[in-house]
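We did not get these values from a lab; they are worked out from the coordinates using the rules stated. Owing to the predicted nature of the structure, the values given are computational and were not obtained by experimental measurement. A quick note on method: Cβ atoms are made from the backbone with ideal geometry, for glycine too, and the neighbour counts reach across all protein chains shown.
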Amino acid sequence: MKKQIIIGLVLVGLVASGSALAFKGEQYSKEAKVSLTEAKAIASKAFPGKITDVELEKEAGGSGLRYSFDIQRGTVTHEVGVDAVTGKVLENSIDNGKD
């Protein structure tokens with residue numbers, strides 16, 4: 001029982017510190033020149049709202065590595081893509097939910 005509690009506390013600590021997988025595609029983060037924090041700021045400036053999903057993905061366009069954010073404002077959700085190497089906004093469109 002004591003061992004389970006300690007393991008649970010370690011897992012909670014990892015999640016709180018951000019050491020556990022915090023977003024989809026985190027395994028690509030070593031290739032990114034733009035940090036997640038910087039990319040969030042860029043995406044939020046492009047479409048202010050509540051970020052509901054984050055992914056770092058290899059996708060055609062730009063450098064080939066992008067952060068993809070779903071950002072909700074009211075009833076509208078936009079997908080904002082930020083190049084993970086240059087910081088350029090690659091996409092800012094209404095999310096149609098087909099991806």
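Values computed for the structure shown
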{"item": "Distance between modelled label sites at residue 85 and residue 51, nm, 7 Å Cα→Cβ extension", "result": "2.2 nm"}
{"item": "Dipole magnitude of the range 21-61 about its Cα centre (Cβ charges: Lys, Arg +1; Asp, Glu -1), debye to nearest 20", "result": "160 debye"}
